Amino acid sequence: MDYFLPVFTSLLICNHIHPWRGADAQSSFTIRDISISLEPSSDVARGTNVTVRCQALVSISGTAALSREYTIYKDGITVYTKNMGSSDDLLYRLPDARVPNTGKYKCRINIDGRWMTSESKKLKVTGLSAPQFHINKGVVSEGEELTAKCTAPGETGSIIFYFYDNSKEIREERVNSNTSEVKLHFNSVGIHKLYCSYTIPVTPDSFQSEKSQPLTLTVKEFLITPVLEIFPNNNVYEGDRLDILCTIRNLVYNSGTVHLYLSRGTQLLSRGDTNVNHSMIALAKDSEEFECRLEMGKVVKVDTKKVPVIELFSVPTLTMSPKEVFHKENMTLTCKSSSYASERLHRDQLTYSLDPPGSLQIPKTTGVFFVKALLYEFNYTCIAQAKGIHKYSKPLTVRPKVTVSTPRISVVGRAVLGRPFKIHCQSDVGSLPINYTLFKEYEELSKASVRRPSENALFTVTIDRPEDINKFMCEAKNSPLSSSEIPLSKRLDAAVVVPLSHPALTVIPVLPEIAEGDHVFMICSVKGTPPVTFKWYYDGKDKPIFTTTSDTNHTDYQIPALSKEHSGTYYCEAVNYANNVVRSAPIIIEGKVERVDISVWSERPPQAAHEEESSTVSNEPDVEYTEVVHPQQGDNARAAAVPLRKGTETVYSELQKSALGAAEHHDYGCVEYADLNGEHANMNHRQSGFNNCQDLPVPVD
């Protein structure tokens, strides 16, 4: 079996090298090129004989002939296919070329499944044949049918034909042949010049022919005509009866189907075959034109007349007084026709009514109605009536106004003593515009008018005493009648911020007695409205050493154990909602090493205590207070707020000296006590920046 291997290998190699090889082992080929050409030219005139040549260059080995399939395309559509056994060029002939032959051409060759396509070439054929126009009659009557035919000699493909009457296009027809035949009708009497033309659309262009020779058509008048008669035809008043007749003149019984239509404006009143009668009551709007229309096949004739109708009385108008009303207030509605035909109508014959009814009217001929305004918007219409004629006014919309509610008064932002601030006055209910007035103890201060929802009634005031804030009230008014009914607002109730003043920095122990190791209190106090934010500064530093906010006018900064490092200059600053910063006078603290311990309290001899006790007035409390400096541990010479017991009595004493040396009473937020009569004196020490009594809020801008 090995002798088959060389043969099989040889076949594989051959097929790999020549994939286009056919079944015939004696020949092989390759398509090298294919081209297309247009002869004699790619741009020719109508009637030229054009040849599309397809030429292929094929290399072949062997003796067997190859079957070649050629395909010609025009604008991507196959127009010709041919199989050839020779190497001759393919010729596709276009004898007597026409405009529809215009387009892009290309050819394709296919040999045993292998194919190649040429590039495209565009052929342009210019020139169209002159159209030929024919009509079957030269004279017709109105509406008579006429046959017209237009031909494009020698042209092919899709063609659009146009028919004209005196240069006006009257018909368009698209056909797939070179002839179009249409039926035409003419209603206008006289001489008509008729002709045609055509267009051949060739994507993306369009070719227009010249116009045909015109033909003359005579259209004769059809003697049958409509006749419109109206009785009476003058001095017609509203309410008069009109009799209208629509007939035909010169009716010939063999004229064909005839229809009559009687109308006024767009309203069809009646219809019939040979005559139409109609009766109606005349109204002013009947001054529109009446029409009698005759239709017979394609023939249409009309006769029109306009009958002036004199107005019996004018359309009424409805007005109200006063022009603005409030809920449930009385108002007057007046209905009136401005004119009437006195020669036909007496004034007392013209009566009025109101829709909806339910109002008081005195009498009907006056058109005056007394109505109470509703709680909501409402539409009224009045009707004038005489001799069976009713006329309606335009609707009158009554929009009752809402009386203002008792106004509310408030402060915008914060009221600061001695500074201008704004007061806002507002009623929650009430129709605009609303006039507001600000009072101080019933004395008018200022006015403001609110005309749009986006506006507010704002008043600028200044007070010098906090209690003056309660003297302000405001009034709201949107009707002259409402001022006595709407009460004043409540008195203004708002907090008044008193700016800070009189800052003072007090030191405990007093400066001459301060020594190293002392628990020092620096108390910053001010006058003004809390909450107050306090800041302590040391030795000219930009940033404070301690900041806190207090709901009282004072608070402290503590140094639990004074040392030399704490020596220096101190001062405090304070600010409240008035945003005015006040600063205390600076103080200088020195931590001395040596000092004389002075006890702020001592046991008194029994005799002295007895004398003091006996000298105490019975109606005074048996209590004394003395302010004591917190000592360091082991320092028995100082104690803080120490209660001194004698028998069952407890004696307290409190002593404070301000930075100026004057004795003042201050509330420091909490008091610490030590029972020195017990076995152990409890010394309470407060750390710097810690307050075990209460947390203070931070003021909000």
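Could you give the length gained on full extension between Val139 and Ile588, defined as 0.36 nm per residue of separation minus the Cα-Cα distance, in nm? 148.3 nm is the gain from fully extending Val139 to Ile588.
Provide the FRET efficiency to the nearest 0.05 for the Glu443-Ser321 pair, computing r from the beta carbons and using R0 = 45 Å. Mind showing how you got there, number by number?
Values: r = 37 Å, r/R0 = 0.82.
With a Förster radius of 45 Å, E is 0.75.
For the range 60-189, the solvent-accessible area works out to 52 Å² per residue, with a probe of 1.4 Å and every protein chain left in place. Based on protein heavy atoms only, the range 392-528 ends up with 51 Å² per residue of surface accessible to a 1.4 Å probe. Taken about its Cα centre, the range 236-343 carries a charge dipole of about 280 debye when Lys and Arg each add +1 at the Cβ and Asp and Glu each add -1 at the Cβ.
In what sequence, highest mean first, do 106-117, 340-351 appear when ranked by Cβ atoms within 10 angstrom?
Working: 106-117: 17.0, 340-351: 13.6.
Ranking the peptides 106-117, 340-351 by packing returns 106-117, 340-351.
Taking K and R as +1 and D and E as -1, what net charge do the other residues with C-beta under 9 Å from the C-beta of Thr437 add up to? Net of charged neighbours comes to 0. Distances between placed amide hydrogens fall under 5 Å for Val189 paired with no residue 5 or more residues away or on another chain.
Averaging over all projection directions, the Cα-based convex hull of the range 231-326 occupies 9.3 nm² in the image plane.
If the limit is 19 Å between Cα atoms, which of Lys305/Lys387; Lys137/Lys301; Lys372/Lys401; Lys220/Lys306; Lys124/Lys211; Lys447/Lys477 go over it? In this structure, Lys305/Lys387; Lys137/Lys301; Lys220/Lys306; Lys124/Lys211 lie more than 19 Å apart at Cα. Spin-label model, Ser158 to Asp542: label points 7 Å out along the Cα-to-beta-carbon direction sit 8.7 nm apart. When the solvent-accessible area of the range 200-287 is split by element, carbon and sulfur atoms take up 49 percent of it, the probe being 1.4 Å. Between Asp205 and Leu57, the contour length at 0.36 nm per residue exceeds the alpha carbon distance by 49.8 nm.
Here's the picture: charge each Lys and Arg Cβ at +1 and each Asp and Glu Cβ at -1 in the range 481-543, and of Pro512, Phe534, Met522 the one pushed furthest to the positive end of that dipole is Phe534. Taking label points 7 Å from Cα along the Cα-to-Cβ direction, His346 and Arg491 give a separation of 7.2 nm. The slack in the chain from Arg399 to Thr381, taken as 0.36 nm per residue of separation less the alpha-carbon distance, amounts to 5.0 nm.
For the range 126-263, what is the charge dipole size about the Cα centre, in debye to the nearest 20, if Lys and Arg each add +1 at the Cβ and Asp and Glu each add -1 at the Cβ?
Working: 11 positive and 16 negative charges, 77 e Å.
Rounded to the nearest 20 debye, it is 380 debye.
R0 = 56 Å: FRET efficiency of Ala130 with Ser454, Cβ-based, nearest 0.05?
Values: r = 78 Å, r/R0 = 1.39.
In this case the efficiency is close to 0.10.
The portion of the accessible surface of the range 444-512 made up by carbon and sulfur, rounded to a whole percent, is 52 (1.4 Å probe; DNA, RNA and ligands excluded). 3J(HN,Hα) couplings calculated from phi for the range 405-418 with the Karplus curve 6.51 cos²θ - 1.76 cosθ + 1.60 (θ = phi - 60°) are, in sequence order, 8, 4, x, 9, 10, 8, 9, 8, x, 10, 8, 10, 4, x Hz; Gly and Pro show x. Site pair Ser41 and Arg241 shows an inter-label distance of 8.8 nm when each label is modelled 7 Å from Cα along Cα→Cβ.
Sorting Arg32, Arg53 by accessible area (1.4 Å probe), largest first, what list results?
On the way: Arg32 145, Arg53 65 Å².
Result, largest first: Arg32, Arg53.
P(r) tail, the range 287-424: Cα-Cα pairs separated by more than 20 Å, 65% of all pairs. Rounded to the nearest 20, the Cβ-based charge dipole of the range 387-445 about its Cα centre (Lys and Arg +1, Asp and Glu -1) stands at 540 debye.
Provide the FRET efficiency to the nearest 0.05 for the Glu288-Lys104 pair, computing r from the beta carbons and using R0 = 45 Å. E between Glu288 and Lys104, to the nearest 0.05, is 0.10.
The values are calculated or read from the model by the stated rules, or taken from the named source; none is laboratory data. Worth saying up front: this structure is predicted, and the values here are computed from it rather than measured. Please note: Cβ atoms are built from the backbone with ideal geometry, for glycine as well, and neighbour counts cover all protein chains shown. Side chains are part of the model used for accessible areas, which takes the heavy atoms of the whole protein and leaves out ligands, DNA and RNA. Shrake-Rupley method; radii C 1.70, N 1.55, O 1.52, S 1.80 Å.
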